[in-house]
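**Q** Dropping the structure in here first, questions after.
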Amino acid sequence: MEETESTDAAMKKLFLITNCILLAVGNCGGPLIMRLYFLRGGSRIWFSSWLETGGWPIILLPLLASYIRRRSANPGAALLHIKPRLFAAAAAIGVLTGLDDYLYAYGVSKLPVSTTTLLVATQLAFTAAFAFLVVGQRFTAYSVNAVVLLTVGPVVLGLHSSGDRPEGEGDREYWVGFFMTLAAAALYGLILPLVELAYKSAKQEVTYTLVMEMQLVMCFFATAFCTVGMIINNDFQVISREAREYQLGETKYYLVVVWNAIIWQCFYLGAIGVIFYSSSLLSAIIIHVLFPLTQTLAIIFYHESFPAEKGVAFFLALWGFTSYFVGEIRYNNDNNNNKNIPTTVVQSHHLET
């Protein structure tokens, strides 16, 4: 029995690490390739937001593999696990995700990277607050320290952005982009705990296959929401012309578009996978600890400067991330010790996952 539990724990850690990697790829690559789209002549905000979830058919491949495996073991296995209750929750969250995609894409199109990073950094505080309200997330001194450090780090990173307004951009455009990005951070800070709440209230066994099905539904409805925006804004009629006029050439335009969709799928699947195997707070912390890395990649690919503020932010991010995992290790050790003292009631400092 102990050997089985040990194997299950090891598999859970493996899947958690895999989803952390997917989240890292999407979190770092998504903003960079979206920025590339706008920097080289792309201008369609609804189309750019559509690409954030438009790669949802990719999820059909692992779902098909899962179904084939289930059918081989049980010929009567159902095609889908998701039930109407969870489907409706995923659809609603998907519409919110579509709105968040548009808000974020608008901000990226109007603001410099440093300002966008500063504003998106507030997402961690929103996630922490909404996680407390929605799923009753409890905090330890370590997790609170991580939230503070990971919020302060990107704030320091953005302190040099005062004179970084894009040339030729008016006050109105700048401030609309500013508040759009802030709204995107707040909305995604709500979405992560809502996903966790959907898992907890699903009234059915939540497996990773079900997680992928939920991801598929969320992305489908988010894409449908953005498709309506594209139709109203006549984006479909403009794409071919934009491709011909793209600074990197028509072929590379479509490569940027395709990879945009693929990389953002890594982000969303990784995010909800981390929530499934851990918590919405850990998902938010991973997103934020990668901000300095995203900045470093921007320096390499877009030749941006690296002032002292970025070094300080990188240090604070590593400190915050370490703080979180030290707390997790101490909690796990306390749990293991408590199992050996069955007659003693011990008050744990558990960070609920």
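The values are calculated or read from the model by the stated rules, or taken from the named source; none is laboratory data. Treat the numbers as computed from the prediction; the structure is a model and nothing was measured. Every residue, glycine among them, receives a Cβ derived from its backbone with ideal geometry; neighbour counts consider all protein chains shown. Just the protein is used for accessible areas: all its heavy atoms, side chains included, with ligands, DNA and RNA removed. Shrake-Rupley method; radii C 1.70, N 1.55, O 1.52, S 1.80 Å.
Quick grid of which residues meet (1) on the phi > 0 side of the Ramachandran plot; (2) assigned to a helix (DSSP H, G or I); (3) hydrophobic (A, V, I, L, M, F, W, C); (4) touching a helix residue (DSSP H, G or I) at 6+ places or on another chain (Cβ under 7 Å):
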| site | (1), (2), (3), (4) |
| --- | --- |
| Leu16 | no, yes, yes, yes |
| Ile33 | no, yes, yes, yes |
| Gly41 | yes, no, no, yes |
| Trp50 | no, yes, yes, yes |
| Thr53 | no, no, no, yes |
| Ile68 | no, yes, yes, no |
| Arg71 | no, yes, no, no |
| Leu80 | no, no, yes, yes |
| Arg85 | no, yes, no, no |
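**Q** Let me ask something else about it. Being surrounded by 12 or more Cβ atoms within 10 Å (Cβ to Cβ), in a helix (DSSP H, G or I), modelled with pLDDT under 75 and small (Gly, Ala, Ser) narrows it down to one of Ala271, Ala284, Ala298, so name that one.
**A** On inspection, the qualifying residue turns out to be Ala284.
**Q** Then there's this: Specify which of the listed residues (Tyr102, Tyr67) is in contact with a Gly (Cβ under 7 Å, 6 or more places away or on another chain) and open to solvent by less than 60 Å² (accessible area, probe 1.4 Å).
**A** Going through Tyr102, Tyr67 in turn, just one is in contact with a Gly (Cβ under 7 Å, 6 or more places away or on another chain) and open to solvent by less than 60 Å² (accessible area, probe 1.4 Å): Tyr102.
**Q** Also: Just to be sure, is Ala121 under 19 Å from Gln295 (Cβ atoms) and small (Gly, Ala, Ser)?
**A** Answer is yes for this residue.
For (1) among the β-branched types (Val, Ile, Thr); (2) crowded, with 19+ Cβ neighbours inside 10 Å; (3) in contact with a His (Cβ under 8 Å, 6 or more places away or on another chain), each residue gets a yes or a no:
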| site | (1), (2), (3) |
| --- | --- |
| Thr18 | yes, no, no |
| Leu39 | no, no, no |
| Ile45 | yes, yes, no |
| Ser48 | no, yes, no |
| Leu51 | no, yes, no |
| Asn74 | no, no, no |
